[in-house]
Amino acid sequence: MSLLGASLLAALAVPAAAAPRDGEAELAKAIAGRTAGKPVDCIQLRNIRSSRIIDRTAIVYEMNNGTIYVNRPRSGAESLDWTDVLVTETFTSQLCSIDVVKLYDTGTRMTTGWVGLDEFVPYAKPPRS
């Protein structure tokens, strides 16, 4: 590949990688129309349908019944990146506020950080009108 070609590819890649994501705005969109409930210390692993990372902000767990639980880690939130994968080692059937979650980069398959979980705030599915 020529130097010009490599420079062009590098120039095209920088804007996409440099575009910051607004975690608070993304979280607000995820919980729009829902009301926060009383925080809980643990959620049942078997009831988690999916999870996703909100950059440098939170982890959102969607439950089988449609309720969303938001966890704003007490430590390590700056490591949260939507391209990472969450890896949790648990010894019970629950995910709790005392647990630690490792973050792995999907491309390099290396640890990129960890977060110490906090309480889980439920956001129930809005009632149908």
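The values are calculated or read from the model by the stated rules, or taken from the named source; none is laboratory data. Fair warning: this is a prediction, and the values are worked out from it, not measured in the lab. Reconstructed Cβ throughout: ideal geometry from the backbone, glycine too, with neighbour counts over all protein chains shown.
Tell me, which residue of the range 106-127 that is in a loop (DSSP other than H, G, I, E, B) and polar (S, T, N, Q) is nearest to Glu26 (Cα to Cα)? Reasoning before the result, please.
Here is the first cut: in the range 106-127, the ones in a loop (DSSP other than H, G, I, E, B) are 106-110, 117-119, 124-127.
Next cut, polar (S, T, N, Q) only: 106, 108.
Values: Thr106: 21, Thr108: 26 Å.
In this case the residue turns out to be Thr106.
State all residues of the range 25-62 that are surrounded by 15 or more Cβ atoms within 10 Å (Cβ to Cβ), aliphatic (A, V, I, L, M) and within 18 Å of Val87 (Cα to Cα); if no residue qualifies, say none.
Within the range 25-62, Ile43, Ile53, Ile54, Ala58, Ile59, Val60 meet the criteria.
Every residue in the range 38-72 that is in contact (Cβ under 8 Å) with a residue 40 or more places away in the chain and of a type in the set (D, E, K, R), please.
The answer is Lys38, Asp41, Arg46, Arg72.
What number goes with the only condition from (1) at negative phi; (2) at pLDDT below 95; (3) not acidic (Asp, Glu) that Ala36 does not pass?
Every listed condition holds for Ala36 apart from (2).
Quick check on Arg74: is it in contact with a Gly (Cβ under 8 Å, 6 or more places away or on another chain), more than 16 Å from Leu45 (Cβ to Cβ) and surrounded by fewer than 17 Cβ atoms within 10 Å (Cβ to Cβ)? Talk me through it step by step, then tell me what you get.
Numbers: in contact with a Gly (Cβ under 8 Å, 6 or more places away or on another chain): yes; more than 16 Å from Leu45 (Cβ to Cβ): yes; surrounded by fewer than 17 Cβ atoms within 10 Å (Cβ to Cβ): yes.
Yes.
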